[in-house]
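See below for the structure under consideration.
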Amino acid sequence: QVQLVESGGGLVQPGGSLRLSCAASVSGFSAYTMAWYRQPPGKQRDFVARISSAGATTNYDDSVKGRFTISRDNAKNTVYLQMNSLKPEDTAVYYCQASLYRTSTWGQGTQVTVSS
């Protein structure tokens, strides 16, 4: 069983930065593909970024390319999302996802609000 706990969300002004963390309680963390999704108020949950098990491959939604960076520390069972140049439209609940084969697990989410 995988348990994921996100942290690092909060209120930030436009142009600011935040770093989200997702700590996984699972053995064999390094085998999991990890991803971040987000769900704006009243909208569906959308893909943000993904990182392969060893961290060699990353993918981003076009809306965050050049501003967000996903990374992982397999020794700490943690995945990160560094968010720079934040915009009001980045406001959402951010969710961490762990995937292995055809099984995916979600965290409880962390709120990010970008507002002046």
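The values are calculated or read from the model by the stated rules, or taken from the named source; none is laboratory data. On a predicted model such as this, the values are computed, not experimentally measured, just so you know. Because the Cβ atoms are built from the backbone with ideal geometry, glycine has one as well, and the counts that use them run over all protein chains shown. In case anyone asks, the SASA skips ligands and DNA or RNA and just uses the protein heavy atoms, side chains included. Shrake-Rupley method; radii C 1.70, N 1.55, O 1.52, S 1.80 Å.
Quick notes on this structure:
- Mean separation of Cα contacts under 8 Å (6+ apart) over length of the chain, as relative contact order %: 37
- Once exposed loop trypsin sites (Lys or Arg not before Pro) are cut out (DSSP; at most 14 other Cβ, 10 Å), longest piece of the chain: 1-42
- Neighbour-limited loop hits for chymotrypsin sites (Phe, Trp or Tyr not before Pro), the stretch 80-116 (at most 12 other Cβ within 10 Å; DSSP other than H, G, I, E, B): Y101
- Estimated distance in nm for a label pair at S71 and S30, the labels positioned 7 Å out from Cα along Cα-to-Cβ: 1.8
- Probe 1.4 Å - accessible area at D73, Å² to nearest ten: 50
- Cα-Cα separations in the stretch 1-53 greater than 14 Å, expressed as whole percent: 66
- Sulfur and carbon atoms: percent of accessible area, the chain [1.4 Å]: 45
- The stretch 58-116: relative contact order as a whole-number percent, Cα under 8 Å and 6+ apart: 25
- Contour excess over end-to-end distance, with Cα ends at Q1 and R102 and 0.36 nm allotted per residue: 35.0 nm
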